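Following: one structure in structure tokens, then a few remarks.
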Amino acid sequence: ASHILFKTDPGVDEATVREKADAVLARVNQGEDFAELAKEFSEDTSAANGGDLGTFGRGQMVPEFEQAAFSLPVGGTSDLVKSTFGFHIIRVTNKQEGLTQPLDSVTEQIRSTLTQEKARDRMEAAITSAAEKLRASGAIDALTPDYPLLVPQDTEFFGKNDPLPQLSNSTEASRLAFEVDIQGITPAIPLGFGGGYAFLQVLEEREAGVPTFEEVKARAKTLLTDARALALAKARAQEVREQLVASGPEGAGIELETVEAFFRGSELPQAGRSAGVEAKAFELPEGEFSQPVVADNGFVIFRVVEKSGFDPSAFADEKARFQEQIVGERRARVWGAFVANLQSNYEVRIDWQSIRGLLG
């Protein structure tokens, strides 16, 4: 299925969100392109893919979403569906019959799932233990003796909507910081896929206000210096490109570095993970020099030497692995969003004594 999500976060007027969702639903029912509307209006990470959630089975989505999706025919569009995430407009794009797969065809998938579950259980146990230790000590550095690599970092003063680079610019961290008392420690904060978890202790607060020039002087100077350096680098990169186009590498006295072939979603060596570089590389005609494209460490100019087309036989060999990877990523994304939504609306406390009693 695909969907368009309108979030109903705490503090947001639900009636206003519903009104916006109703307006978009009317446009869907009038025949406008669903994927384009999803890209424009959806507040879910699937918006970039036109709202596409892929294929999912029962039990993978929140109940309200699941009930609506499984009751619609292929090509059908729902009315507004209210869930813990907000209002959804759901369109069913395909259905397949349930099937039973032979054990030998899913052995690796089962092994991978069990490994992930064990890793998740160990992570949850470690996080719970860390939280209990922090609550008991009241000090953010209480974990350092057990985990020498966990060295607390101090942030500057920040506002509610300011990014925190030390915490992967987590908006959840910024929100929680304003909900705990001075010297209070937040619950574990997920930092996105692969980012782990963090705890935040509020050391000091001050009234909102406009900082003095002296307070922001150093930061302003750094920003201006960086902006000037970036402008100079882009100008220089443009000069180099013009030389390459006019005289070629040999005539311009410029040595180009040749890299191996790479795939979509992977990095171009020396350029780092840059969506702009990747997009340009796959649309640029062979033999043509690109315009300067911003990358992790400046600007990059490249020329596509060769492109190889789609190989059906290679895809067939890798198809199962791709499917498993994509499904795993989508499950993790949906589960992560579900848990984050619960944490934002409720105070979660794990009663280990009751759990141990139930499990014996």
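Couple of notes before you dig in:
- Sorted on the mean count of surrounding Cβ atoms within 10 Å across their residues, most packed first, peptides 315-325, 181-191 read 181-191, 315-325.
- Net charge of Cβ neighbours under 13 Å - reference ALA47; Lys, Arg +1; Asp, Glu -1: -2
- Candidates per GluC sites (Glu not before Pro) in the stretch 126-189, loop by DSSP, up to 14 other Cβ within 10 Å: GLU156, GLU179
- The residue among PRO312, THR113, VAL24 whose Cα reaches farthest toward the positive pole of the charge dipole of the chain, with charges on the beta-carbon of Lys, Arg, Asp and Glu, is THR113.
- Computed per residue of the chain from DSSP H runs no shorter than four, each worth -39500 (n - 2.57), the mean residue ellipticity at 222 nm is -15500 deg cm²/dmol.
- Taking amide H as placed 1.01 Å from N in the peptide plane, ASP44 has its amide H under 5 Å from the amide H of LEU5, each at least 5 places away in sequence or on another chain.
- Among the protein heavy atoms of the chain, carbon and sulfur supply 53% of the accessible surface, probe 1.4 Å, non-protein parts ignored.
- Contact order relative to length of the stretch 138-207, as percent, for alpha carbon pairs under 8 angstrom and 6 or more apart: 27
- Listed peptides 218-225, 302-309 appear in the order 302-309, 218-225 once ranked by packing, highest mean of other Cβ atoms within 10 Å at the front.
- Heavy-atom accessible area per residue - the chain, 1.4 Å, Å²: 70
- Whole-angstrom gap from the stretch 284-325 to the stretch 59-89, using each part's C-alpha centre: 36
- Once the Cβ-Cβ distance of THR171 and ASP104 is raised to the sixth power relative to R0 = 41 Å, the FRET efficiency obtained is 0.35.
- Cα shape, the stretch 1-151, gyration tensor, a/c 1.5 rule: oblate
- Based on the Stokes-Einstein relation at 37 °C and a viscosity of 0.692 mPa s, and on the Kirkwood radius from alpha carbon pairs, the stretch 93-231 is assigned a translational diffusion coefficient of 172 µm²/s.
- Report note on the peptides 84-94, 200-210, 281-291, 41-51: ranked by the mean count of other C-beta atoms within 10 Å, highest first, their order is 84-94, 41-51, 281-291, 200-210.
- Computed magnitude of the charge dipole of the stretch 203-308 (debye, nearest 20; Cβ of K, R +1, Cβ of D, E -1): 260
- This model, with +1 at the C-beta of Lys and Arg and -1 at the C-beta of Asp and Glu, gives the chain a dipole about its Cα centre of some 380 debye.
- Distance from the stretch 218-263 to the stretch 26-51 (C-alpha centre basis), Å: 37
- Subtracting the Cα-Cα distance of ALA139 and GLU205 from their residue separation scaled by 0.36 nm leaves 22.0 nm.
- Sites GLU132 and SER313, calculated FRET efficiency, Cβ-Cβ separation with R0 56 Å, nearest 0.05: 0.55
- Electrostatic bookkeeping for PHE157 treats Lys and Arg as +1 and Asp and Glu as -1; over the other residues with beta carbon under 13 Å from its beta carbon, the sum is -4.
- Helices assigned as whole DSSP H runs in the chain whose Cα atoms extend at least 18 Å along their own long axis and whose mean Kyte-Doolittle hydropathy is -1.0 or higher are found at 14-29, 103-137, 213-252, 312-345.
The values are calculated or read from the model by the stated rules, or taken from the named source; none is laboratory data. Since the structure is predicted, the reported quantities are computational estimates derived from the model, not experimental observations. Note that each Cβ is placed from the backbone with ideal geometry, even for glycine, and that neighbours are counted across all protein chains shown. Keep in mind that these areas ignore ligands, DNA and RNA; they rest on the heavy atoms of the full protein, side chains included. Shrake-Rupley method; radii C 1.70, N 1.55, O 1.52, S 1.80 Å.
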